[in-house]
Amino acid sequence: MVYSDRRVIISLLIVGIAMMGILFVLTDDNHTESVRARKEAPEKSKHRYYHTQGQRVESFVFDPNTADSTQLLRLGLRPWQVRNIYKYRSKGGIYRTKADFARLYGLTVKDYRRLEPYIRISADYQSAASLFADDRHPRDTSRMRRDSLYQHRDTTKWIKKITNTQRIVLNTANEETLRQVPGIGTFYAKEIIRHGKWIGGYVDVNQLDEIENFPKQAKQYFVISKPNPAKLKINELSFSALRRHPYINFYQAKDIIDYRRLYGRIHSLADLEFSAAFSEHDLKRLEPYVEF
């Protein structure tokens, strides 16, 4: 090979190496930018999330049948809850009462309590049967529509309240009787009844504290008379049946099932004192509701 040929080959090799170096640098830069973008993406997403969560919640009168997405978001509802409302309405669903709106998936008691005073259902969305009085004559629908703002006002304040010396038997009182207690309106009257059914009956007035934000000053007006709580057959119930009781969580139900499998029948709650899932308070609270 002559000298000139070697020079040509060497020159081509140098050019090739240089091009490969440039290509490597460009590729590395693109990779670096891609990695940086992926690292920054969660931060940007996180920022958007907290921005949404940190929006100022407003309070104003609204009809869940007609409120648009902007209004619903301003009220503090989550975007996915707003989508569920739109889906419900698009399928012909109608919110005829405040209780209908309370069934919105994911709506907490705290959120409903905040929104409830501002819910106004237009007369146009109420049942047509409400247009007729007992004498079968149509009502004045124009007046009905005009007064719709007042139809759902809380009338609890017009209920005659009991005196400081009077007491109400907690387990037998109905909603109307409960509303006679100072500090108890429609919402808490319903919650008292609901919670009592959930736990199987009250055995102690202090169980009212298990209701979120229950007004403690109202407890003095209640008494327990001849409590007869519903009993759990602790040696017979399945895991899922045990779990349905509010005083038994997942791990506690599991330990009950495990004890029965390993040692046989449970003769008293003292048999469960070995379990780390049960505190002394848990066992004492559960005791009135079990039978062996």
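Descriptive notes on the structure:
Residue-wise test of (1) under 25 Å from Tyr202 (Cβ atoms); (2) not polar (S, T, N, Q).
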position: Pro246; (1), (2): yes, yes
position: Ile257; (1), (2): no, yes
position: Leu262; (1), (2): no, yes
position: Ser268; (1), (2): yes, no
position: Asp271; (1), (2): no, yes
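- When each of Asp134, Asp154 is tested for being part of a loop (DSSP other than H, G, I, E, B), closer than 22 Å to Ile184 by Cα and either in the same structural domain as Glu175 (by TED's automatic domain parsing) or modelled with pLDDT under 85 (or both), the lone residue that passes is Asp154.
- Residues in the stretch 58-74 that are free of Cβ contacts under 8 Å to residues at least 24 places away in the same chain, surrounded by fewer than 13 Cβ atoms within 10 Å (Cβ to Cβ) and over 15 Å from Lys87 (Cβ atoms): Glu58, Thr70.
- Filter pass, Leu242 being touching a strand residue (DSSP E or B) at 6+ places or on another chain (Cβ under 6 Å), hydrophobic (A, V, I, L, M, F, W, C) and under 16 Å from Leu283 (Cα atoms): no
- Positions within the stretch 270-288 being aliphatic (A, V, I, L, M) and surrounded by 17 or more Cβ atoms within 10 Å (Cβ to Cβ), in sequence order: Leu272, Leu283, Leu286
- Residues of the stretch 201-244 that are among the small types (Gly, Ala, Ser), over 18 Å from Asn174 (Cβ atoms) and surrounded by 13 or more Cβ atoms within 10 Å (Cβ to Cβ): Ala241 alone.
- Any hit, the stretch 253-261, residues being outside the structural domain of Leu178 (by TED's automatic domain parsing) and under 22 Å from His195 (Cα atoms): yes
The values are calculated or read from the model by the stated rules, or taken from the named source; none is laboratory data. Just so we're clear, the structure is a prediction, and the values are computed from it rather than from any experiment. Using ideal geometry, Cβ is built from the backbone for each residue, glycine included, and neighbour counts are taken over all protein chains shown.
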